[in-house]
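All remarks here apply to the structure that follows.
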Amino acid sequence: MRGGFFKENFWSTDITSTLGYDTLLLHMNNGRKNCKEFEDFLKERASIEEKYGKDLVNLTKKKPCGQTEMNTLKRALDVFKQQIDNIGQSHIQLAQSLREEAKRMEEFRERQKVERKKTEATMEAIHKQRRDQYKRTMDSKKLYEQRCREKDEAELNVSRCNKNTMNQKQQDKIYAKLAHSKVTAEDADKTYQQNINLLDKVREDWQREHISACVFFETQECDRINYYRNAVWTHANQLSQQCVSTDVMCEEVRRALEGCNIEKDIEHFTDGHKTGDKPPAPIPYENFYNNQRNITPVMRRGPLQTPSTVPDDPTYSSVDNFNMYQ
């Protein structure tokens, strides 16, 4: 792995700035959030797979599928239902595998968080030390500059001192003030220089820690990206394996269907449920009167009388002396 991506590119010319570190820390925290998002994705996918698998298993148990079929087709359908159940079970197993992957992602994410805490605590402490020392240095600089101005003013007062117009006491006071200002200016100078040296030491310590933090963050980020990529790769492989397993189970169904023999199934049904090999005979015509003649004599009515009138006659349809139209 090539180094130097982080440690060479996250600085600031402002000695009190934490911009580079803050940028890296934000990126690391975002990476951790991304791992959490994938972890939640796996858990949600596991719930979907589990529900789908259980639905398939319940489907094979509750819903009939050709329950009255016989022989080879019946056996093929039994294989079909069993393989659907197996597919459901495989989805349930996949859900468990996905939850295990999510658990491993969670453990990796938390492990990186714990490892980063030490570096973050060190950087927080060195940032505070640098900030405090910089403030002390700037305060001592202000005091040093103030003491230098006071010394300059005292020297100016001495140069302006007119011995002819001032008594001895006034002259002593001016010279005493000059001497005091020189001492305080020297003390302020020493304090300022000491703080400058301390600040430079703190700056060097901070730079070393910053470089170490950059290297550490870069290493963690490489590990995270690699782990994240492999986790997604594993997930894709799991889904591919699920498809392969499903296809294998479907192939079992296809093989069972290949063994389905239409003629044998027809023969099996015929042999087990046949009702006879002779069709019904034709139903013969039976003359009602012939049957009656064989049983009892039939009294027949004599021939009808011929009408005495023709159809055009008004008295038509009369028999003997009876007329229907009378």
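The values are calculated or read from the model by the stated rules, or taken from the named source; none is laboratory data. As the structure is a prediction and not an experimental result, all values here were calculated from the model. Here Cβ is always computed from backbone atoms with ideal geometry, including for glycine, and neighbour counts include all displayed protein chains. Note: accessible area is taken over every heavy atom of the protein model, side chains too, but ligands, DNA and RNA are not part of it. Shrake-Rupley method; radii C 1.70, N 1.55, O 1.52, S 1.80 Å.
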For segment 60-88 and segment 184-207, distance of Cα centres in Å: 87
Out-of-range pairs (alpha-carbon distance over 18 Å; input Lys36/Lys118; Lys7/Lys113; Lys113/Lys201; Lys33/Lys113): Lys36/Lys118; Lys7/Lys113; Lys113/Lys201
Per the helix-only calculation at 222 nm, which mean residue ellipticity applies to the chain, given -39500 (n - 2.57) for every DSSP H run of n ≥ 4 and division by its residues, nearest 500 deg cm²/dmol? -28000 deg cm²/dmol
Kindly identify segment 78-141 as rounded, prolate or oblate by the Cα gyration tensor criterion: order the square roots of the eigenvalues as a ≥ b ≥ c, call it rounded if a/c is under 1.5, otherwise compare a/b with b/c, prolate if a/b is larger, else oblate. prolate
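So which of Lys63/Lys264; Lys51/Lys81; Lys141/Lys182 end up more than 25 Å apart, counting from Cα to Cα?
In this structure, Lys63/Lys264 lie more than 25 Å apart at Cα.
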Charge dipole magnitude, Cβ of K and R +1, D and E -1 - segment 77-177, Cα centre, debye nearest 20: 1060
Can you give me the accessible area per residue for the chain, using a 1.4 Å probe, in Å²? 72
Please compute the Kirkwood hydrodynamic radius of segment 90-223 from all pairs of different C-alpha atoms, in Å with one decimal. 20.3
By the Kirkwood definition, with r running over pairs of different Cα atoms, segment 179-295 has a hydrodynamic radius in Å of 26.4
Farthest towards the positive end of the dipole of the chain, among Tyr52, Phe288, Ser12 and with Cβ unit charges of +1 on Lys and Arg and -1 on Asp and Glu, lies the Cα of Ser12
Please give the charge dipole size of the chain, origin at the Cα centre, charges +1 on K and R Cβ atoms and -1 on D and E Cβ atoms. Round to the nearest 20 debye. 2080
Rounded to two decimals, what ratio of Rg to Rh does segment 1-53 give with C-alpha atoms and a Kirkwood Rh? 1.33
How big is the accessible area of Arg111 in square angstrom, nearest 10, if you roll a 1.4 angstrom probe over the protein chains? 120
Counting only protein heavy atoms and leaving out ligands, DNA and RNA, the solvent-accessible surface of Tyr289 at a 1.4 Å probe, in Å² to the nearest 10, equals 120
